[in-house]
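The values are calculated or read from the model by the stated rules, or taken from the named source; none is laboratory data. Everything quoted here is computed from the prediction, not taken from an experiment. Here the Cβ positions follow ideal geometry from the backbone for every residue, glycine too, while neighbour counts run over all protein chains shown. The accessibility values were calculated without ligands, DNA or RNA, using every heavy atom of the protein model including side chains. Shrake-Rupley method; radii C 1.70, N 1.55, O 1.52, S 1.80 Å.
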Amino acid sequence: MPDIREHPTATAAGTFDIGGELTVNRMGFGAMRLTGPGVWGEPRDQDECRRVLRRAVDLAVNFIDTADSYGPHVSERLIAEALYPYPDDLVIATKGGLTRSGPDQWHPDGRPEHLREACEGSLARLRLERIEVYQLHRVDPKVPMEESVGALVELRDEGKIGHIGLSNVSVQQLHRAQEMTPVVSVQNRYSLADRAAEDVLEECTREGLAFIPWYPLATGRLAQPGSALVAAAERHGATPAQIALAWLLQRSPVMLPIPGTSTVAHLEENVAAAGIALSTDEIVELAALVAQEG
């Protein structure tokens, strides 16, 4: 078993100021996995999930990402059960705009009336008067994006949300939203093994917007024996997934990874990646892996 560091905290990742005012450590926690199979229903071990959340805060994780559709409602409820009353520096970001019909079933709903209902439900479950970062989970092809974003602007103006973020968007969609309102974050799928959202990351880096990669632990075939990823892991006494997280942190100063898990041991392993410093040569070598795979 790799020699994981003695519980370094999320402070080792450095900080980022979301919206220029919410200072968070750049190793966050994604709460999607605090649910049952297919992100549906209750988790197998609710007590362990609550321990994960409390341990995350102990390890200086002060950015937690969730969504009303995780469960649905289960992830948000567990966060409140485990952590309320919240630490002063904890930022909870949630999302609205997807509905569920069963395990692994996701349906966009960007209607303003749905987004208002979703936001108010999240406020109640999280026991908050204001959600600091509220994200449109996905653009609904059946609803003009301007209507969906407009609903979030109204909720912000009413004081129910502090800042607006987007998820699963293109650069063009980001710009369309920015024509209506400031946007503080984008959450797209991105990892060492999957960089389809590279152009969105580059735009966020230029504009100083938080880029929140979901599914950040993906390594795929890159973790095959003898690969540069495995070699780097062996040099650092780490796992390939830890090296993938360390690479993300060093890829851009706006990167805010949110690896998720439902066990304390895996949480500690993920947070430990914040303490891994890759060399310039390692960063370049790892970045070239996908091109070689293609």
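Annotations
- With respect to the conditions (1) part of a helix (DSSP H, G or I); (2) at pLDDT below 95, Ala56 falls short on a single one, namely (2).
- Residue count for region 1-45 under the criterion of being open to solvent by 60 Å² or more (accessible area, probe 1.4 Å) and modelled with pLDDT under 95: the result is 5.
- When Leu256 is tested against (1) in contact (Cβ under 8 Å) with a residue 60 or more places away in the chain; (2) open to solvent by less than 10 Å² (accessible area, probe 1.4 Å); (3) touching a Leu at 6+ places or on another chain (Cβ under 8 Å); (4) of a type outside the set (S, T, N, Q), only condition (3) is not met.
- Any hit, region 74-96, residues being in contact with a Lys or Arg (Cβ under 6 Å, 6 or more places away or on another chain), among the small types (Gly, Ala, Ser) and within 26 Å of Met145 (Cα to Cα): no
- Annotation note: Cβ proximity below 6 Å between a residue of region 54-68 that is of a type in the set (Ser, Thr, Tyr) and a residue that is crowded, with 24+ Cβ neighbours inside 10 Å and part of a strand (DSSP E or B) (sequence gap 6+ or interchain) occurs for Thr66/Thr94.
- When residues of region 113-131 are limited to those that are assigned to a helix (DSSP H, G or I) and in contact (Cβ under 8 Å) with a residue 40 or more places away in the chain, the one most open to solvent (accessible area, probe 1.4 Å): Glu120
- Restricting region 39-85 to residues that are touching a Phe, Trp or Tyr at 6+ places or on another chain (Cβ under 9 Å) and among the charged types (D, E, K, R), the residue that is farthest from Ala272 (Cα to Cα): Glu76
- Meets criteria (surrounded by 14 or more Cβ atoms within 10 Å (Cβ to Cβ) and either assigned to a strand (DSSP E or B) or under 16 Å from the mean Cα position of the chain (by Cα) (or both)) for Ser101: no
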